[in-house]
1. Looking only at D:Q70, D:Q219, D:Q138, which one moves most when chain D is put into a Gaussian network model with springs between Cα atoms under 10 Å?
2. Pick out which of B:T146, B:T130, B:T190 has the largest mean-square fluctuation in a Gaussian network model of chain B, springs linking Cα atoms closer than 10 Å.
3. Compute the long axis of helix B:57-71 from its Cα atoms, compare it with the longest principal axis of the Cα atoms of chain B, and write down the angle in degrees, 0 to 90, nearest 10.
4. Excluding same-chain residues fewer than 8 positions from B:K245, which lysines have a Cα within less than 20 Å of its Cα?
5. Averaged over all directions, how much area does the convex hull of the C-alpha atoms of region D:151-206 cover when projected, in nm²?
6. Determine the distance separating the Cα centre of region D:50-82 from the Cα centre of region B:187-245; give it in Å without decimals.
7. Counting each DSSP H run of 4 or more residues in the protein assembly as shown as -39500 (n - 2.57), what helix-only mean residue ellipticity at 222 nm follows after dividing by all residues, to the nearest 500 deg cm²/dmol?
8. Please label the shape of region C:1-145 as rounded, prolate or oblate, based on the square roots a ≥ b ≥ c of the eigenvalues of the alpha-carbon gyration tensor (a/c under 1.5 means rounded; beyond that, a/b larger than b/c means prolate, else oblate).
Number of protein chains: 4
Amino acid sequence: MAITFGDNQYGKAEVRLVKITRDSDRHQIEDLNVSTSLRGDFAAAHTVGDNAHVVATDTQKNTVYAFAQQYGVGQIEDFGLRLGRHFTDDFDWVTGAQIRIEEYGWDRIPVDGADHPHAFSRAGGGTRTTVVTIDGPQAWVVSGLTDLTVLKSTGSEFTGFPRDRYTSLGEDRDRILATAVTARWRYIGTDVDWDKSYTDIRRILLESFAVKHSLALQQTLYYMGEQVLQAHPEVAEVRMSMPNKHHFLVDLSPFGLPNDREVYYAADRPYGLIEGTVMRDDAPDAGRAWQAVPGF
Amino acid sequence: MAITFGDNQYGKAEVRLVKITRDSDRHQIEDLNVSTSLRGDFAAAHTVGDNAHVVATDTQKNTVYAFAQQYGVGQIEDFGLRLGRHFTDDFDWVTGAQIRIEEYGWDRIPVDGADHPHAFSRAGGGTRTTVVTIDGPQAWVVSGLTDLTVLKSTGSEFTGFPRDRYTSLGEDRDRILATAVTARWRYIGTDVDWDKSYTDIRRILLESFAVKHSLALQQTLYYMGEQVLQAHPEVAEVRMSMPNKHHFLVDLSPFGLPNDREVYYAADRPYGLIEGTVMRDDAPDAGRAWQAVPGF
Amino acid sequence: MAITFGDNQYGKAEVRLVKITRDSDRHQIEDLNVSTSLRGDFAAAHTVGDNAHVVATDTQKNTVYAFAQQYGVGQIEDFGLRLGRHFTDDFDWVTGAQIRIEEYGWDRIPVDGADHPHAFSRAGGGTRTTVVTIDGPQAWVVSGLTDLTVLKSTGSEFTGFPRDRYTSLGEDRDRILATAVTARWRYIGTDVDWDKSYTDIRRILLESFAVKHSLALQQTLYYMGEQVLQAHPEVAEVRMSMPNKHHFLVDLSPFGLPNDREVYYAADRPYGLIEGTVMRDDAPDAGRAWQAVPGF
Amino acid sequence: MAITFGDNQYGKAEVRLVKITRDSDRHQIEDLNVSTSLRGDFAAAHTVGDNAHVVATDTQKNTVYAFAQQYGVGQIEDFGLRLGRHFTDDFDWVTGAQIRIEEYGWDRIPVDGADHPHAFSRAGGGTRTTVVTIDGPQAWVVSGLTDLTVLKSTGSEFTGFPRDRYTSLGEDRDRILATAVTARWRYIGTDVDWDKSYTDIRRILLESFAVKHSLALQQTLYYMGEQVLQAHPEVAEVRMSMPNKHHFLVDLSPFGLPNDREVYYAADRPYGLIEGTVMRDDAPDAGRAWQAVPGF
């Protein structure tokens, strides 16, 4: 038996970058949280503390800021590809890189009915994400969104589930359905109009959640992914993670009161957690696209 | 010397209430986090464990849910007044009550250009709050908002501050100004169209942040409060707590790069914290309005 | 009517300071989170953006770090007094200062049965705090601890509380009692062996929670404060804020199972919140000691 | 092209279970956060909303509580195996299960030098974890710990790293090294004295962090894993995720002050993130042991 060094990666996490574009009076803001990680020949650092191959995480951070100045940010997928390829191109022993980005949205503050040119308020409605993975000459892009909290006050049932000794839940033909969507979709290639895809996929996720009469959160999840795939041939698969944010009807009968689907308790823990993948049967292999991506 | 019992209060914190109004196909959602606390003659519980006066916190929670069914929620200030007065009216030894409410906003999901009647997404742009304090026959209402995150990419300076041995900060004639506004305003009475006041005050806070050329975050704070008071005679004073969410220009010169107010690092800690009150000089005394309200 | 400027303060929040003392091979570590705020004549900054009086929050941060080097940290109360007095002494228009400090504990890592001289692990058991308030020549010290999570698996009852229409809670003669103690005690003077007081008061809080048969969390709170006052003449009053972290017995009867105080669900929200003050009847006036301290 | 259903799982997350054992006056407390997820034939729920196979997440929660009563908790790995096998054994279409458990430690409160029999304070020093994965007749156990925060005030260097255009970091021969260890180790079988292994592995992780002179956090990570494997033949591999919690020496020279490794700023973001695996070369294949485990 010998002890060996296995899977590994390292990098700088959560580099907070805000870039202002001032080429007109109407400023643009880009607000990112960027994490980088590298793979390659880093065994010597681990086994004997030889750092000749260790591109410092401080250098990785500097590169994020410098690239924002040199090349701009633009679409986060492009920014991630540029950063990832830089690390694998410029350092022989770096064979892989993963760039994870969250983008925070900002709305322009309306003043007298017009959008202000340089004052913003933080937008709600979830956070845009991307994970760009580089392995030698190959690149994969998995984009998505997280913390998109949605709720339906009707149009959701949960019935017909199996009952065993430990089942006490009743059948429910009209319940609140609420979740905070995390969705990630793998693009087939890298020649994509990322912003356009993102905007439309987000719209589809919201609309399909809204319109689908739900017999189970699982069914809603599948429908949402299916609608994305039908409209977006550039997407190979969609993975979703959707907590069932339970809203329990409060029993008011001890107080002599009715409660016909009016008053609910919004619970924190525990929560259901439904996770699933909807994919094309002819999609190219995922390769390393999902490596190190939190999920299932 | 003797040991005595001083200031005290107790109650149920963070009762999560969601109320759905289904009187038409276009459902209404009200989503609150309600905390109640009582004051009065509770000494015996403390000194000898006699609970004859202790309205159970579980009962307080039940009352929140029951009242939502019996009377509806409506404007959160009215809901708070009704709850607070119930406790002081119904229990002789309860002389005071404070009801603190956060209200989470929901937007209707747009489908094919129309708002969906029963599907919602959680709104951004801060959380509406109220603190209703009852003391015997008196009542005070302090409403507000929190977590309203805003940013200006220009129109902010910070110069002319004093320099001592420990001062290294340079003068800055064009910096990013960012904060997460917590504002609380005390109403003069309780006969107010709360929703209308709230909506307009929120608009004023946003607009005045946007349009005011800022020589200091202190100046912005004062201006925001002043604008509220000038437009809203029903408001006696405004208290604001505004962290200075620093955005530092990254020094790219070691990499041979310029950085003319383009690339910033958004810092977490430490942060400046500016807190101040803007008030009418003829406002009625605040009484217990600010009792136990986090602030300064 | 005129609009005026009321109560205010500003400063730098959450300066994270770690100080290593290396005067022997056995290093000492001091790990603090320091927040400073100033009061005084700051009206001009607010009303006209004149910063001539605004000691920059960046300068305040620098002062924290510089003082740690110049004078050491030592007992956090002394560090707070030194910082606070510096601001009021060195700037004529600064009439008041408040220094809030959290101190994080570290244990030495045991190696072969001996404490390691320079390797540490973060301690549990709550965080030590102090709030030092300076107003002209006067100074007050309110020290305490927070996040001290404790639980008793028996020796706690809750019975005899009043019942109204909204009461459904049953009497309970043997329940779990759990809380996360926040306690703050006001010292009568500033000539105190702070570390010694802190250590013993923390011990008393833990022991008195443990040994007191509890008829209500209120009674436990009072007893804990009383024990502190009886043993510590240097303390004028103790204020405690104790959430009732509910542990509900799970109803296993639908599954044909007993549950004789064995299996509990630890709930998050809502929670009871019990807050009270125990004081000496001959204590000196609190002055500004509690100004801006979160509480009740 | 057709759209198909891919990888998926669902279950109940964060079931908070506290179990008190009262078979003597000296009570035992077990405090867990249990998450369950199932795999198998769940396609119909997704595609047509047929829930005949959907073991309700509410039922899964009930099972956790009921099993605690029926069989006790004991070592969390055994509790996880029992739960996981129940789901795959009792429901034909459930082919896989994963049980994830966090265990929170409690210390007995000392009173007059003796441990109290039924009063506890929450322990620090990290949280014990396990992930039990069942796939048909196979079972894997990956145990670990998280949030074990440690710091060395000397004995850590970082030098010899490559320099490119974006490198500004200086060589450092004596820095603070701090991290919050998340470690997970895969056991070779399931016939293990889990508590004994856990206790000793935790000790080794702490000691090896303390004693290893560190040339890179990578080297420390590898050394820690190597020491575990050398002492524990029942462990196949160790995966660690260690943020580099940067402590930056504050530049006090603008204030005319030295700073010889005394005064540090503890930064939040960004942070380095070092992740690696140390394994036996003759270890059995990992199978599904790491499926859905957050990592790299």
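The values are calculated or read from the model by the stated rules, or taken from the named source; none is laboratory data. Remember, it's a predicted structure, so these values are computed and weren't measured experimentally. FYI the Cβ positions are ideal-geometry reconstructions off the backbone, even for glycines, and counts take in every protein chain you see. When the accessible area is computed, the model is the full protein with side chains, heavy atoms only, and any ligands, DNA or RNA have been set aside. Shrake-Rupley method; radii C 1.70, N 1.55, O 1.52, S 1.80 Å.
1. Judging by the Gaussian network model, the answer is D:Q70.
2. Largest GNM mean-square fluctuation: B:T190.
3. Tilt relative to chain B: about 90 degrees.
4. A:K19, B:K152, B:K212, C:K12, C:K61
5. Taking a quarter of the hull surface, the average projection is 6.3 nm².
6. Result: 53 Å between the Cα centres.
7. The helix contribution divided over the protein assembly as shown gives -7500 deg cm²/dmol.
8. Prolate, because a/c is 1.5 or more and a/b exceeds b/c.
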